[in-house]
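Colleague: One structure follows; several queries about it will come next.
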Amino acid sequence: MPEAHAHPQRSCIGCRTAREQGDLVRFVRAPDGTVLVDYRHKLPGRGAYICLSRPCLERAVSRRQFERAFKLPCQPLRADQLAQALVGVMEQRLASLLGMARKSSQLLSGGNQVLDALDRPEDLAAVILADDISEGVAGKLSNKARAGGVPCLRFANKADLGQLLGRGERSVAALLKGTLAASFMAEWQRYQTITAEYAGDI
């Protein structure tokens, strides 16, 4: 007998490769024919699955694979617009994880607090710098993080990062190691994959 898969598998409508469902991005069709990103795999209706890959997304659009998957016509599609929607949903997910980390006391914020924490780099999963942080401060933090083997990421601007942390503007935060940090870093890798492939287009 064939070995049963621990997780459900689906085929990418772009390349037809079968993968674990959780490794693919799910899309659904709204009643008006709009194609929506169902990143958490929770929306009702028939789903269409695609690898986290620009060629697969573009192939699915150009070959009208969404219409075939849904067995219904869809509103006009562009791969870059779907990618932009996907990036937006991913950013919401990353923001949500940071908010949960803050509420669980698994997040530090503020330059001085993060610099002090970097004296114990083994406790940290990542340092997060705002996109609009001053380059002088960014260099000081990133150099110390690099010396301690701690990943240093750029995410959001100071106003948005502060809002996520329930404070005024914040230019830096640090995630303590734990399950939320692990989830954030896994999502970050997926986010980096799609933004790198569509650099300049979204």
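Colleague: Take every Cα-Cα pair in the stretch 31-119 and report what % of them are more than 18 Å apart.
Modeller: 57 percent
Colleague: What is the distance, in nm, between label points placed 7 Å from the Cα along the Cα-to-Cβ direction at Asn112 and at Arg154?
Modeller: Result: 2.8 nm between the two label points.
Colleague: Further question: Dividing the Cα radius of gyration by the Kirkwood radius, what Rg/Rh value follows for the stretch 130-202? If you can, show how the numbers build up before the last one.
Modeller: On the way: Rg = 13.3 Å, Rh = 13.6 Å.
Result: Rg/Rh = 0.98.
Colleague: How big is the charge dipole of the stretch 109-202 about its Cα centre, in debye rounded to the nearest 20, if each Lys and Arg gets +1 on its Cβ and each Asp and Glu gets -1 on its Cβ?
Modeller: Values: 10 positive and 12 negative charges, 48 e Å.
Computed charge dipole of the stretch 109-202: roughly 220 debye.
Colleague: Positive end of the dipole of the chain, charges at C-beta (+1 Lys, Arg; -1 Asp, Glu), about the Cα centre: which of Gly99, Leu24, Leu124 has its Cα farthest in that direction?
Modeller: Working it through, the farthest residue towards the positive pole turns out to be Leu24.
Colleague: Run the simple label-point estimate for His7 and Arg78 please: 7 Å along Cα→C-beta, distance reported in nm.
Modeller: 3.3 nm
Colleague: About the Cα centre of the stretch 44-202, how large is the charge dipole given +1 on each Lys and Arg Cβ and -1 on each Asp and Glu Cβ? Please answer in debye to the nearest 20.
Modeller: Working: 21 positive and 16 negative charges, 122 e Å.
It comes to approximately 580 debye.
Colleague: Need one number: % antiparallel among DSSP beta bridges in the chain, to the nearest 5.
Modeller: Expressed as a percentage, antiparallel bridges in the chain total about 85.
Colleague: Moving to a separate point now. In square angstrom, what is the accessible area per residue of the chain with a 1.4 angstrom probe? Please list the in-between numbers first.
Modeller: On the way: 10880 Å² over 202 residues.
That works out to 54 Å² per residue.
Colleague: For volume of the Cα convex hull per residue in Å³, several values are listed as [x] 156; [y] 133; [z] 171; flag the one computed from this structure.
Modeller: Among [x] 156; [y] 133; [z] 171, the one calculated here is [x].
Colleague: For the chain, what % of the accessible area comes from carbon and sulfur atoms, probe 1.4 Å?
Modeller: Working: 5190 of 10880 Å².
Of the solvent-accessible surface of the chain, carbon and sulfur hold 48 percent.
Colleague: Next question, about the same structure. From the C-alpha gyration tensor of the stretch 81-178, pull out the three semi-axes of the equivalent ellipsoid (sqrt of 5λ each), sorted largest to smallest, in whole Å. It would help to have the intermediate numbers written out before the result.
Modeller: On the way: eigenvalues 95, 44, 36 Å².
Output for the stretch 81-178: semi-axes of 22, 15, 13 Å.
Colleague: Further question: Using a 1.4 Å probe and counting only protein heavy atoms, arrange His7, His41 so the residue with the most accessible area comes first. Before the final figure, lay out each step's value.
Modeller: Values: His7 100, His41 50 Å².
Largest to smallest exposure gives the sequence His7, His41.
Colleague: Here's a follow-up. How much length, in nm to one decimal, is gained on full extension between Ala95 and Glu122, taken as 0.36 nm per residue of separation minus their Cα-Cα distance?
Modeller: Values: separation 27, 0.36 × 27 = 9.72 nm, distance 2.37 nm.
So the extension gain works out to 7.4 nm.
Colleague: Which whole-number percent gives the relative contact order of the chain, counting Cα pairs below 8 Å spaced six or more residues apart?
Modeller: On the way: 310 pairs, mean separation 39.9, N = 202.
Relative contact order of the chain: 20 percent.
The values are calculated or read from the model by the stated rules, or taken from the named source; none is laboratory data. Predicted, not measured: the structure shown is a model, and the values here were computed from it. As a convention, Cβ positions derive from the backbone with ideal geometry for all residues, glycine included, and neighbour counts pool all protein chains shown. Just the protein is used for accessible areas: all its heavy atoms, side chains included, with ligands, DNA and RNA removed. Shrake-Rupley method; radii C 1.70, N 1.55, O 1.52, S 1.80 Å.
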